[in-house]
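Participant: Dumping the structure here so I can ask a few things about it.
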Amino acid sequence: MDLSNLDWHELLEKLKTFATSETARAKLEKIQALVSPEECQESFKNIFSAQALIDQNLRPFFKSLDLYPQWISRLKKNATLKILEIRDVREFSIEAMALREACRDLDSPWAKQIVSEVEQLDEVVSLIDHMISPGGEIRSDASETLFNLFREKEKLQRDVQNTLDRLVKDHDMENLLQDRYVTNREGRWVLPVKGGMQRYMPGVIHAASQSKQTVFIEPEKVIPMNNRLRQVENEIEEEIERLLVEISKNLFYRVPQFIQAEDRMVKTDIELAQAQLSSLIESSAVEFTDELELFQLRHPLLQSHLQSQKGKRIISNNIDLEKNKSILLLSGPNAGGKTVLLKSIGLAAQMARCGIPPAVAANSKIPFFKEILVIVGDSQSVEQELSTFAAHLKLLQQGLLLSGPQNLILVDEICGSTDPEEGAALARCFIEEYAKKNVYGVITSHLHPLKIGWKESDSIFCGSMECNPKTGSPTYQFLPGVSGESMAIKTAERIGISKDLINRAVDYLSPQSRLRIENQVELDSMKAQLIKLQDQLHEEIKTVNADKLQLKKTLEQAEKERSQAYDKTIKNAEKKVEEALQNARVANVLERHREVQKIQMDLPQIVKSSTANTLQSEKNNEKLSAENFGARFSAGTKVFIQSLGQDGVIQSEPNNKGEVQVLSQSLRLWVSWKDLKTATDLQNPTLKLLRQSGNFQTTLTNEDPVIDLRGKTVEEALGKLETALEHGSQHMETRIKVIHGHGTEALKKAVRNYLSRSVLVKKWNVAPPAGGGDGVTWIELNDED
């Protein structure tokens, strides 16, 4: 079945853009019809349940699925994973946790199934975070052995460095050294000695410069320390390998959990993509019956395209076919929308049988088609020596093999590329045969002989696309029960063909054709009345829908008022209880207990509905203040700064003045929390979901927090540094990067003094400026309680 001329592949390309993983996109590209109508109905329910996440802007991302095949294949073999692969496992686990968190509060079978199938993987993330830093390195405190080895390594490095520094500063060594610095060759610390002077420097020669002017010698005094340093480094590598084996073995036992989570995450990514498309094209679920009844049918690609263009709206149409009238013969003017309507019907049928809600209104009905034959466009084949018409006939012949209402045949311009008289004769025969086969069909044609001669008892149902009788321009509105003219003469007039040429063309027409054109005025009048009745019906439908909406609002308002009355009653009752307890002067505890019990018995029993709770919850959510702003918008949250008209990232909680520090385009500034709104662009909500759970703190990126002290006074810098360290320790950040200006010795000295005294800091080191740039200090936080 070739659906390439039905715009199906273009629709799948649009659908793929909503998926967040290549795995889901690959499956969407090969989507097939489901086995039964029941499966399609279940798919509809899941897609509309998934829209609940879309509506809350909590669409989970699944980018980790693209790297899943690489590490899971090695993990299944019980292989030792590399550090990068373990980081991929961590990202996968975090996204699985975020999916659980997003669905945890949704009351739908779809969400509950996701929560049951995706097991909690927080232990995996904690295990990995305990051993691997956000920068992708084994943590020095991953084990007691590793911690001691790293500490010994640092001590040895300092001892070697101090010993060599003393040698460099020794006046007796000035004539021997080429330069007064220490360097490293083959992992051992050495001194650059002038060529020919090495005999005066006891030690081991490791290398020489190309010019032989410099010889790099390891002095005898540091050889034992360097030997031990190399030994320690080997022991560190062995311990790291042991830790990787240990964590890989732990992950190996969780392979079934990973496999089940991955399967569910791929399905969910697909369902969320379908939900986003359904929301865009305003689709609805359909009922599978033997009738084809589509309300407000639209072409989904045209709908999504016009959504982005203000002032433009798509024309919807109603199609009603049944077993006794199963073949729609569609006529009308050129460029009047016949092919678009035919494709819209075909896409609705294909989407429905694939479990995707089509672009129709509610209560639409459609058969569960097993086969859809599409005969649209040029099908000529040079290899098979088939002309356009011959290839067209072969496809029409395939349609004769189909039988029953579970088959749909779509033919655009049947037999239109040959002699009109012969083509019309062949087309009528094919249409009659299709009718005998009881298949559903939509067939477009400009051939006039096909528009007449059909009996009331035939299965042929004629319809046309409307055009403006005065201008000849199409309105794209479907008119059931009326055959339409091709309006070739009118179209020529509309596009500006000369009057003389048009009059000559009319003279060439047969008398019957000229008479038909003259009678077109009466036909247009009938069409106008039909359109008027159709418009009245649409207006009545709109009125009914508006009344239903108003009734719904009235019920919601009544529910809200009832909830407020309940709250008021409860508060009054609580107040009475408090007053009674305060004023009671009972002689003993028993009497006091009886007093309270009596009051409680007098209280009304109130049970709130779920709707009332929801309204109250929504009401509470609206009361955002500076106090709870920090809980909802934590540090690292992307926001929109209204006064600046640009996005930024929150850096702190509100201070006493209600001001929040925000980073925006390399600038840090304090703005009122009321000036901040949720960022308008699509964000990955994974971190937000995990923070909302309240029982897990993590970072999604491998980037370390950065503190920029450039341009700050010493007092400002130390205050900012203190705030950042406290925030980092609270959010389990392991390493912080501090940037200070080049040459600011006073600032660097103050920072170092502060770091050496801070209990929050485990260790720190200064990276020298590269090429005269800014200085950097790396801080590793103390994660002990």
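The values are calculated or read from the model by the stated rules, or taken from the named source; none is laboratory data. It should be emphasised that the depicted structure is a prediction, and the values quoted were computed from it without experimental measurement. Glycine also receives a Cβ, built like all others from the backbone with ideal geometry; neighbour counts cover every protein chain displayed. Heavy atoms of the whole protein, side chains included, go into the accessibility calculation; ligands, DNA and RNA do not. Shrake-Rupley method; radii C 1.70, N 1.55, O 1.52, S 1.80 Å.
Participant: Would you confirm, using the coordinates I've provided, whether residue 114 is under 18 Å from residue 59 (Cβ atoms), β-branched (Val, Ile, Thr) and either open to solvent by 60 Å² or more (accessible area, probe 1.4 Å) or assigned to a helix (DSSP H, G or I) (or both)?
Facilitator: yes
Participant: Do we have residue 233 as part of a helix (DSSP H, G or I), out of contact with any Leu (no Cβ under 7 Å at 6 or more places or on another chain) and either surrounded by fewer than 15 Cβ atoms within 10 Å (Cβ to Cβ) or not aromatic (Phe, Trp, Tyr) (or both) here?
Facilitator: Considered against the rule, which asks whether it is part of a helix (DSSP H, G or I), out of contact with any Leu (no Cβ under 7 Å at 6 or more places or on another chain) and either surrounded by fewer than 15 Cβ atoms within 10 Å (Cβ to Cβ) or not aromatic (Phe, Trp, Tyr) (or both), residue 233 comes out as yes.
Participant: Scan the range 381-395 and tell me whether some residue there is of a type in the set (Lys, Arg), farther than 17 Å from residue 4 by Cβ, open to solvent by 30 Å² or more (accessible area, probe 1.4 Å) and modelled with pLDDT of 85 or more.
Facilitator: No, there is no match, as no residue in the range 381-395 is of a type in the set (Lys, Arg), farther than 17 Å from residue 4 by Cβ, open to solvent by 30 Å² or more (accessible area, probe 1.4 Å) and modelled with pLDDT of 85 or more.
Participant: Might you check whether a residue that is open to solvent by less than 30 Å² (accessible area, probe 1.4 Å), at pLDDT below 70, of a type outside the set (Ser, Thr, Tyr) and in a loop (DSSP other than H, G, I, E, B) occurs anywhere in the range 666-682?
Facilitator: yes
Participant: Within the range 242-260, can you find the residues that are open to solvent by 40 Å² or more (accessible area, probe 1.4 Å), closer than 16 Å to residue 87 by Cα and not aromatic (Phe, Trp, Tyr)?
Facilitator: Once the filter is applied, which keeps residues that are open to solvent by 40 Å² or more (accessible area, probe 1.4 Å), closer than 16 Å to residue 87 by Cα and not aromatic (Phe, Trp, Tyr), the range 242-260 yields 245, 246, 249, 250, 254.
Participant: Among the listed residues 335, 361, identify the single one that is at negative phi and either small (Gly, Ala, Ser) or not in a loop (DSSP other than H, G, I, E, B) (or both).
Facilitator: 361
Participant: Answer yes or no as to whether residue 288 is at pLDDT 90 or above, of a type outside the set (Lys, Arg) and either closer than 24 Å to residue 38 by Cα or surrounded by fewer than 22 Cβ atoms within 10 Å (Cβ to Cβ) (or both).
Facilitator: Yes; evaluated as a whole, the condition is true for this residue.
Participant: Check the range 729-743 and report whether any residue there is modelled with pLDDT under 70, among the basic types (Lys, Arg), open to solvent by 50 Å² or more (accessible area, probe 1.4 Å) and outside any helix (DSSP H, G or I).
Facilitator: Yes, the range 729-743 contains a residue that is modelled with pLDDT under 70, among the basic types (Lys, Arg), open to solvent by 50 Å² or more (accessible area, probe 1.4 Å) and outside any helix (DSSP H, G or I).
Participant: Continuing with this model, one more query. Given the range 1-96, what helices (runs of 4 or more DSSP H) lie entirely inside it while holding 3 or more residues that are touching a Cys at 6+ places or on another chain (Cβ under 9 Å) and in contact (Cβ under 8 Å) with a residue 60 or more places away in the chain?
Facilitator: In the range 1-96, 37-55 are the helices (runs of 4 or more DSSP H) which contain 3 or more residues that are touching a Cys at 6+ places or on another chain (Cβ under 9 Å) and in contact (Cβ under 8 Å) with a residue 60 or more places away in the chain.
Participant: From the residues in the range 412-435 that are open to solvent by 50 Å² or more (accessible area, probe 1.4 Å) and of a type in the set (A, V, I, L, M), which one is nearest to residue 449 (Cα to Cα)?
Facilitator: 425
Participant: Then there is this: Which of the residues that make up the range 749-785 are in a helix (DSSP H, G or I) and either at pLDDT below 70 or among the polar types (S, T, N, Q) (or both)?
Facilitator: 753, 756, listed by residue number.
Participant: Also, quick follow-up: Here is a check on your reading of the model: is residue 215 outside any helix (DSSP H, G or I) and surrounded by 13 or more Cβ atoms within 10 Å (Cβ to Cβ)?
Facilitator: Judged against the criteria, residue 215 is a match.
Participant: Same structure, new question: If I filter the range 461-474 for residues that are more than 23 Å from residue 340 (Cα to Cα), at pLDDT 85 or above and either open to solvent by less than 20 Å² (accessible area, probe 1.4 Å) or touching a strand residue (DSSP E or B) at 6+ places or on another chain (Cβ under 8 Å) (or both), do I get at least one hit?
Facilitator: Looking through the range 461-474, none of the residues is more than 23 Å from residue 340 (Cα to Cα), at pLDDT 85 or above and either open to solvent by less than 20 Å² (accessible area, probe 1.4 Å) or touching a strand residue (DSSP E or B) at 6+ places or on another chain (Cβ under 8 Å) (or both).
Participant: I'd like the residue in the range 275-292 that is of a type in the set (A, V, I, L, M) and assigned to a loop (DSSP other than H, G, I, E, B) and, out of all such residues, is nearest to the chain's Cα centre (by Cα).
Facilitator: Going through the qualifying residues, I end up with 285.
Participant: Let me ask you something else. Taking the range 1-15, which residues are under 23 Å from residue 60 (Cα atoms) and open to solvent by 30 Å² or more (accessible area, probe 1.4 Å)?
Facilitator: 13, 14
Participant: Report yes if some residue within the range 444-460 is polar (S, T, N, Q), modelled with pLDDT of 90 or more and in a helix (DSSP H, G or I); otherwise report no.
Facilitator: No.
Participant: Sticking with this structure for a sec: Going through 387, 364 one at a time, which residue ends up being without any contact (Cβ under 8 Å) to a residue 40 or more places away in the chain and among the small types (Gly, Ala, Ser)?
Facilitator: Residue meeting the stated conditions: 387.
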